[in-house]
Amino acid sequence: MTQEVATLEEARQLIGTLGAELQRLARLQRHALREQQARPILQKLFATFQELQVTVLPKSPLGEALGYALRNHEVLLRYLEDGCLAIGNNGAERAIKPLVLGRKNWLFCGSEPAAHRAAVLLSLVQTCKHLEIDPFYYLRDVIARVSTHPMSRLAELAPREWKWLHPEAPRRRAAA
C-alpha cells in the first residue's frame with residue numbers, strides 16, 4: 001500500500017471518528033439540557049393536564065386529547081432519555097408527504113410485487129434524504145456493487161452504514 005493511499009484511508013477513518021464523536025457529544029449535551037430544562041416544564045404541563053381533565057367532558061375533543069396525553073405520559077417523556085429523539089413527529093410527517101401527495105400515482109403499480117419494489121425504493125430515497133445523502137449517488141453506487149458485494153457484509157450497503165464508509169460522497173442539504 002502506498003503512503004498516499006494509507007494517508008487517504010487514515011483521513012477517511014479520522015473523518016468518520018470525528019463525525020461519530022461529535023454526534024455523541026451533541027446527544028449528551030441535548031440529554032443534559034433536556035433533563036435540566038425540559039423535564040420541569042413537562043412535569044408542570046402534565047400536572048396541568050391532570051387538573052384540566054377533571055373539568056372537561058371525557059368524550060369532548062379536549063377530554064380525549066387530555067386522556068391520550070395522560071395515558072401515554074411515559075412514552076411522551078421518552079424524548080428526555082435520548083438526545084437523538086425529537087419531541088414531535090414533524091420529521092416523519094415531512095418524509096411521508098411526497099408519498100401521500102403521489103398516492104394516486106402509486107395506486108396502479110401494475111402488480112403487488114411492483115408496488116412492494118416501489119415502496120422499498122421510495123423508503124430508501126427518503127432514508128437517504130433524512131441522512132443527507134444524495135439518493136442518486138447512493139443508489140448508483142449500491143446498484144453497481146450489490147451483485148459482487150459479499151453477503152456477510154451486506155449491512156454496509158444500508159444508507160446509514162454506507163454514509164460512514166463513504167465520507168467523500170456528495171451530501172444532500174437537509175430540508176428546511
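Each value in this text was obtained by applying a stated rule to the coordinates, not by laboratory testing. Bear in mind the structure is a predicted one, so any value in this text is a computation, not a measurement. Reconstructed Cβ throughout: ideal geometry from the backbone, glycine too, with neighbour counts over all protein chains shown.
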> Any idea how far apart LEU18 and ALA119 come out in nm if each label point goes 7 Å out from Cα toward Cβ?
Replying inline: 4.1
>> If I fit a long axis through the Cα atoms of helix 112-130 and take the longest principal axis of the Cα atoms of the chain, what angle between them do I get, 0 to 90°, rounded to 10?
In response: 90
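Given the Cα-Cα distance of GLN50 and HIS73 and 0.36 nm per residue of separation, how much length would full extension add, in nm? Before the final figure, lay out the partial values.
Values: separation 23, 0.36 × 23 = 8.28 nm, distance 1.10 nm.
Length gained, GLN50 through HIS73: 7.2 nm.
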> By how many degrees, 0 to 90 and rounded to 10, does the Cα axis of helix 3-33 deviate from the longest principal axis of the chain?
Replying inline: 0
> In terms of modelled amide H atoms, which long-range or inter-chain residues lie less than 5 Å from the amide H of ILE133?
Replying inline: ARG172
> Relative to the longest principal axis of the chain, what angle (0 to 90°, nearest 10) does the C-alpha long axis of helix 61-71 take?
Replying inline: 70
